[in-house]
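The values are calculated or read from the model by the stated rules, or taken from the named source; none is laboratory data. Since the model is a prediction, treat every value here as computed from it, not as a measurement. Glycine gets a Cβ as well: all are built from the backbone with ideal geometry, and neighbour counts include every protein chain shown.
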Amino acid sequence: MTITPQRIEMAIQNRFNPIRNFTPRKLARQIDQFKAGNLSEAALTWDAMENRDPCLLNVAQKRKKACARLPFKIEVTDDSAEAKAQAEVLTRFYNSLKATSVLEQNEQGGLNLLIRQMMDSVGKRFAVHEIVWKPSATGLQAEFRFCPLWWFENRSGRLRYLPMDGFATGEEMLPFEWLVTVGEGLMEASSVLYTFKHMPLKDWVRYSEKFGMPGVIGKTSAAPDSDQWNAMVDAVKSVINDWAGVTSIGDSIELLEVKSGGANLPFPALVEYCDRMLASLWRGADLSTISQGNQGVGASLQGDETDLLLEDDAQNISETLNEQVDRFVIAHAFGPEAEVKAYFKLLGDAEDGELTAFKREVWRAYQTLSSTGNVTANLIDLKALARDSGLTVNEEYDEPYLPVVSPSGMPVTGATRQDSEGDIVGGDAEGLSGQENGTPGGDGKRKVSAANERVERRDGSATEDGELVENALAEALGVRSKWLAPIKPLINELIVALKDESKSDAAVLEFLEASAKRLPELLGDMDFSALAEVLEKGMGTEVVHGIKDAIRTTSPVGPQTLPVGPQSSPVNGGDQ
């Protein structure tokens, strides 16, 4: 069975607005029909609702895209050569598959688009793709063509394809010719919220149209139709045309206002309630933006519930592809009798509960500015765990560990903060790309260059050259030491220069003056103009002598490239 171009063209030309003059009675009938297996009317209505309501569109797209962004992995059941060969075939297949939509064929993509389309089942209960298999010399490929749900019926308990609009009974759908994803079907409840949200919303608009501007009453003692009466009529019309009148009482013009307006209107509360319930239904908790609009009342951290939904979505997508795609691909490559020893797995964010819990606890500690010592006791092991999970590790943080890339994969510069999905992001990831720049070695321990070796303080406590220089420089300049984080490269060079006993004070001073001219380059686009001014003015003999007293406690070393890790930047003039 193949979807014909005529079927597609007719469906596009016969499009209409299914929610014009929509009523709760019509919705109730469509939901009853959907449960009886007649999917078309409800599917058309739900599709229109999802695309028309801003809140519903927002939460639905977030739910779909969150799952589509997840990485995938081909797992094997054992270490046999056959399992590895099957894994290679599946990896090649999923990296080369194509996805499109029969009604929007300009939309083309790969696995990411396929998963987003499969996630349509979260709202509409079912998502259906026609599979077009494309064998080739390099292996099996496929195109997945997303079909609208109103092309199918479920009267027998199994989806059947309707070759024409208006047909009551469809044609059987053979295995491996169709990909059918089954989800929660949240649009049944969402459509109820949509309907009862837009009723008060329309009333609110009508109220604003009628009573948004006050009425005008002109009062005059003149006789009707007299010159004085007509003059009052003209005066009232000059103020407002729609809601105005003239009475025979006294010469005055008054504003007529509705007394029950303002904060007593029921419309905003009803609309907000429906938006809040839609967010909770799709995302597992209230959206922070909605809570902010209500002074944060009833807000939820949202993290735990959203993680559970994402993990469940990932598992549902994986199992659907395992049963309806993986088996066919392996049978085509290794024969119908081959035992399946490799399978597709979508990796959820909650795949490693220990790492997820650690990230959440660290972020909560930062939010409350409380001590993070209790989450850093096993710092090294957790860093190794993070690397195994594919996260970039910020080696320069002593407490706590923080990821240093945004969800888009780009390094994040500036103050530590939380992104829109609740993930923790840190500072610039510069200097973590090579072994010489402080990345972990094979033993999981950090390799550092000779110029960053630990030395002893005068009181015997251990520290690092970088800390000594930062503290001395900060004290001489009268700023906080953490404010110097953006000029870490300059401090590293200063360490090497100061430990070189062949350099005179004049030579070091000359080096400092040259370095001061590089401050705009080092600071980049960050707002450190005040700090730059202090550094440029203060880098003189006092700084040199102050730092020399602290730093010259070890033997000199040659020039080194020091690890430059991301640092937290000052927020509102204070430390992180």
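Before moving on, here are some points about what is shown:
- Tally, over the range 1-54, of residues that are of a type in the set (Ser, Thr, Tyr) and either within 19 Å of Arg160 (Cα to Cα) or at pLDDT below 90 (or both): 3
- Restricted to the range 158-178, and to residues there that are outside any loop (DSSP other than H, G, I, E, B), of a type outside the set (Lys, Arg) and under 40 Å from the mean Cα position of the chain (by Cα), the residue that is farthest from Val329 (Cα to Cα) is Tyr161.
- Test for Ile8: is it of a type in the set (A, V, I, L, M), touching a Cys at 6+ places or on another chain (Cβ under 9 Å) and closer than 30 Å to Glu323 by Cβ: no
- Residue match in the range 188-211 (condition: part of a loop (DSSP other than H, G, I, E, B), surrounded by 16 or more Cβ atoms within 10 Å (Cβ to Cβ) and touching a residue at least 12 places away in the same chain (Cβ under 8 Å)): no
- For Glu184, the requirement of being touching a residue at least 60 places away in the same chain (Cβ under 8 Å), buried (at least 18 other Cβ atoms within 10 Å of the Cβ), among the charged types (D, E, K, R) and within 16 Å of Ser121 (Cβ to Cβ) is met.
- Residue match in the range 1-18 (condition: touching an Asp or Glu at 6+ places or on another chain (Cβ under 6 Å), assigned to a loop (DSSP other than H, G, I, E, B), surrounded by 13 or more Cβ atoms within 10 Å (Cβ to Cβ) and not aromatic (Phe, Trp, Tyr)): yes
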